[in-house]
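The values are calculated or read from the model by the stated rules, or taken from the named source; none is laboratory data. Since this is a predicted model, take the numbers as computed values, not measurements. Note: ideal-geometry Cβ built from the backbone for every residue, glycine included; neighbour counts use all protein chains shown. Please note that ligands, DNA and RNA were not included when accessible areas were found on the heavy atoms of the full protein model with its side chains. Shrake-Rupley method; radii C 1.70, N 1.55, O 1.52, S 1.80 Å.
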Amino acid sequence: VLLFQKDFSGSRLRGLIRGLGQAKELLAPLSPRDRVAVLTYDSHLRLHLDFTADLAEVARILDESVLLRWPGPIAPSEDPSLAAHLDREEAREAASPEQALLALGRALLPIPGAKTVLLFGYGLGSLRGGTFTLDRDYDGARAALDLGRAAVFCLDVTDADYHSLEVGLQQVAVDTGGLYFKVHDTAGAALSRVAAALAGHYVLTFERPEGARGEHRVRLSLAGRRGTVLTRTRYVD
């Protein structure tokens, strides 16, 4: 899933335009078995393209639609279909990026298999009086993404070494088993690591430990070798 958080202010627009080019680069290693959908978020969550294996069509949408158009209703494609499960009213009323992720997570839930959300964005949450907070819908969004087996890779489009809203992007990446990058200064490394993560995944199982049911933390590490483990940080039973 390619999700672009749109803002036409200077530092964000430059990064967004750069991100569109990077998104097209990430299409190269995909196989005919992969499916790609394209969405944007500004004041609403908007679906530009349902899941498709036609990578040329994805590239066309990135060039012609993401920045320039507000798409009309999208008819559901053959399964898997994001349009078939995305609640249009919920998407239209999404008043924050967290609410947009909640709507997206709920739409991904019925679709089988692991998913990757590439969020080209400038931030989640808000800064008031020197205190950073995530929207109240963040926990619901994280839970929906967890249940939908969707890892969020955040590619920060803000052209700055630091900004307050990057904390939210870092948080959703950590919580869902993704990664966070600043694309303006580490574009090559970011694309390489994201491409490697898209290449495949392992499915690990474990026996449920004794104890009360509810939400539990997950900590996973490699034994006898170096490497970065990407996994969601909790599960609910």
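Looking for whichever is in a strand (DSSP E or B) and either basic (K, R) or under 22 Å from D7 (Cα atoms) (or both) here; the options are L124, L155, L102, L169. Which one fits? I'd like the intermediate steps shown before the answer.
Working: L124 fails: in a strand (DSSP E or B); L102 fails: in a strand (DSSP E or B); L169 fails: in a strand (DSSP E or B).
The conditions single out L155.
Given the condition closer than 30 Å to T133 by Cα, open to solvent by 40 Å² or more (accessible area, probe 1.4 Å) and over 16 Å from the mean Cα position of the chain (by Cα), answer yes or no: does some residue in segment 75-87 qualify? Don't jump to the end; show me each part of the working.
Let us first name the residues in segment 75-87 that are closer than 30 Å to T133 by Cα, namely 82, 85-87.
Now narrow it down to the ones that are open to solvent by 40 Å² or more (accessible area, probe 1.4 Å): 85, 87.
Now narrow it down to the ones that are over 16 Å from the mean Cα position of the chain (by Cα): 85, 87.
Looking through segment 75-87, at least one residue is closer than 30 Å to T133 by Cα, open to solvent by 40 Å² or more (accessible area, probe 1.4 Å) and over 16 Å from the mean Cα position of the chain (by Cα).
Keeping to segment 126-156, report how many residues are modelled with pLDDT of 90 or more, open to solvent by 30 Å² or more (accessible area, probe 1.4 Å) and among the small types (G, A, S).
2
So, in segment 211-237, how many residues would count as being of a type in the set (S, T, Y) and surrounded by 10 or more Cβ atoms within 10 Å (Cβ to Cβ)?
The number of residues fulfilling the criteria is 3.
Considering only residues that are in contact (Cβ under 8 Å) with a residue 12 or more places away in the chain and in a helix (DSSP H, G or I), which ones fall in segment 50-72? Spell out the reasoning first.
Of segment 50-72, the ones in contact (Cβ under 8 Å) with a residue 12 or more places away in the chain are 50-53, 55, 58-59, 61-63, 65-67, 69-71.
Across segment 50-72, the qualifying residues are L55, V58, A59, I61, L62, D63.
Okay, residues lined up against (1) in contact with a His (Cβ under 9 Å, 6 or more places away or on another chain); (2) within 18 Å of L101 (Cα to Cα); (3) at pLDDT 95 or above; (4) surrounded by fewer than 16 Cβ atoms within 10 Å (Cβ to Cβ):
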{"position": "I17", "(1), (2), (3), (4)": "no, no, no, yes"}
{"position": "G21", "(1), (2), (3), (4)": "no, no, no, yes"}
{"position": "E25", "(1), (2), (3), (4)": "no, no, no, yes"}
{"position": "P29", "(1), (2), (3), (4)": "no, no, no, yes"}
{"position": "R33", "(1), (2), (3), (4)": "no, no, no, yes"}
{"position": "T40", "(1), (2), (3), (4)": "yes, yes, yes, no"}
{"position": "L45", "(1), (2), (3), (4)": "no, yes, yes, no"}
{"position": "L49", "(1), (2), (3), (4)": "no, yes, yes, no"}
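Quick check on segment 172-181: of everything there that is on the phi < 0 side of the Ramachandran plot and either of a type in the set (A, V, I, L, M) or not in a helix (DSSP H, G or I) (or both), which residue is most open to solvent (accessible area, probe 1.4 Å)? Break it down stepwise before answering.
Restricting attention to segment 172-181, the residues satisfying the condition of being on the phi < 0 side of the Ramachandran plot are 172-176, 178-181.
Adding the requirement that they be either of a type in the set (A, V, I, L, M) or not in a helix (DSSP H, G or I) (or both) leaves 172-174, 178-181.
Details: V172: 1, A173: 2, V174: 88, G178: 9, L179: 27, Y180: 49, F181: 20 Å².
My answer is V174.
Kindly list the number of the only condition in (1) farther than 21 Å from Q99 by Cβ; (2) out of contact with any Lys or Arg (no Cβ under 9 Å at 6 or more places or on another chain) that fails for R217.
The failed condition is (2).
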